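Report on the following structure.
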Amino acid sequence: MLIMSKIAVRGGHTELCPGASAIIDELTEDRKVKDSVIKYLRQLGAEVLDCTPPVNYTSSVSEDLAYGVNKANNWGAELFVSIHFNKAYDAYNGALGSEVCVYSQFEIAQRVGNAMAELGFKNRGQKIRTGLYELKHTNMKSMIVETCFVEATEDVGLYRKLGFDKIGKTIAEAILNQKIVNEVEPKISVIYQAHIEDIGWQSERKNGETAGTVGQSKRLEALTIRLSDKDLNSKMKIQAHIQNIGDDIIVSGGHVIGTVGEELRIESIKIDSPVALQYRVHQQDIGWTSWVDSGNWCGVKGQSKRVEAIEIKIK
């Protein structure tokens, strides 16, 4: 049995070398699954290196791929895992499933494929792909996890039902062939809702999920943010920097920041919270920013760039 303790994990593609996009966006979702895989691998005791390129790293596909491979090789990783999402058609009504691409078949990749099938995804098995850069140039066992197909209605429905965190946990447990026990759910959740250009109010998101849109060039116009513990919302102080207005008034948790019906973009957001939070925004011409802690502005001011999406999580 292969036992791995040094594992390199990468989220596929970059903002300038985008991946597949249809019902959901590969770049957005693979980052979420990647972060979850890393979290649970570390929880199970593995040493993990995040080999994902920085935001807007390069527009060269070869440089994008080489970044993660070189980091893994130089670190001396024992396993390389790249998280991706698949696409075969412009649209597909049904299920296409999950697969694991490998240079040659091995036990860990088989476990990951089987574990994804147990979640309900159609099992496409291990796929030999000797020409893929990440599999060809890594010095260690490597695999590309194609989580599901972004255009397949049943795949996306199952992905959304399960959530990225459960999928990441399942992949991590399969890699190490261990189960996480005595998990404690967060006592407090952060819940938020976005009002988007041409869409209006979306449904509520929570704990790191994406509110807004990516790849549709639509401005985020308004937002509500609250904590599941209602007694703490009065202690939250939330502020937005808005087109033609500047720094708007400060509101408490659960109240609307931004504008509705005025066609004005939010350009930057600051959240002061009694619970430690981290948040990031997806911004026009920039992509996803780095995560910032409570009390800091996120997003650029004075450059007329719209915020398009936001993710907020308990730190």
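The values are calculated or read from the model by the stated rules, or taken from the named source; none is laboratory data. Predicted model, so just to flag it, every value in this text is computed and none were measured. When we count neighbours, we look across all protein chains shown, and the Cβ atoms used for this are built from the backbone with ideal geometry, even at glycine. Ligands, DNA and RNA are stripped out before the accessible areas are found, and what is left, the full protein with its side chains, is counted by its heavy atoms. Shrake-Rupley method; radii C 1.70, N 1.55, O 1.52, S 1.80 Å.
Cα axis of helix 164-176 to longest principal axis of the chain: angle in degrees, 0 to 90, nearest 10?
Tilt relative to the chain: about 30 degrees.
Mind grabbing the base-10 log of I(q)/I(0) for region 177-257 at q = 0.13 Å⁻¹? Debye formula, identical points on the C-alpha positions, no solvent, two decimal places.
-0.51
If you fit an axis through the alpha-carbon atoms of helix 61-75 and take the longest principal axis of the Cα set of the chain, what angle between them do you get, 0 to 90°, nearest 10?
70 degrees
For every helix of n ≥ 4 consecutive DSSP H residues, a contribution of -39,500 (n - 2.57) applies; sum these over the chain, divide by its total residues, and give [θ] at 222 nm rounded to the nearest 500 deg cm²/dmol.
-7500 deg cm²/dmol
Per residue, how much accessible area does the chain show when a 1.4 Å probe rolls over the protein heavy atoms, in square angstrom?
44 Å²
For region 116-275, which whole-number percentage of the solvent-accessible area (1.4 Å probe, protein heavy atoms only) is attributable to carbon and sulfur atoms?
In region 116-275, the share of accessible area belonging to carbon and sulfur is 44 percent.
Using the Kirkwood formula on the Cα atoms of the chain, what hydrodynamic radius do you get, in angstrom to one decimal?
20.3 Å
Which lysines, if any, have their Cα less than 23 Å from the Cα of LYS230, not counting same-chain residues under 8 positions apart?
Here the lysines satisfying the reach criterion relative to LYS230 are LYS187, LYS206, LYS270, LYS313, LYS315.
Among the listed pairs LYS39/LYS141; LYS32/LYS301; LYS87/LYS127; LYS87/LYS305, give every one whose C-alpha distance is greater than 19 Å. Walk me through the numbers before you get to the answer.
Working: LYS39/LYS141 21 Å; LYS32/LYS301 26 Å; LYS87/LYS127 15 Å; LYS87/LYS305 30 Å.
The pairs that break the limit, which is 19 Å between Cα atoms, are LYS39/LYS141; LYS32/LYS301; LYS87/LYS305.
Extending each Cα 7 Å along its Cβ direction at ARG160 and ALA276, get the distance between those two points in nm, one decimal.
3.3 nm
Using Cα centres only, tell me the gap between region 153-206 and region 61-131 in whole Å.
20 Å
Roughly how compact is region 165-307, stated as its Cα Rg over 2.2 N^0.38 Å to two decimals?
For region 165-307, the normalised Cα radius of gyration comes out at 1.14.
Send over the Kirkwood Rh of region 104-172, from the inverse of the averaged 1/r over different Cα pairs, rounded to one decimal Å.
13.0 Å
How much solvent-accessible surface does ASP90 expose, in Å² to the nearest 10, with a 1.4 Å probe and all protein chains in place?
Accessible surface of ASP90 is approximately 140 Å².
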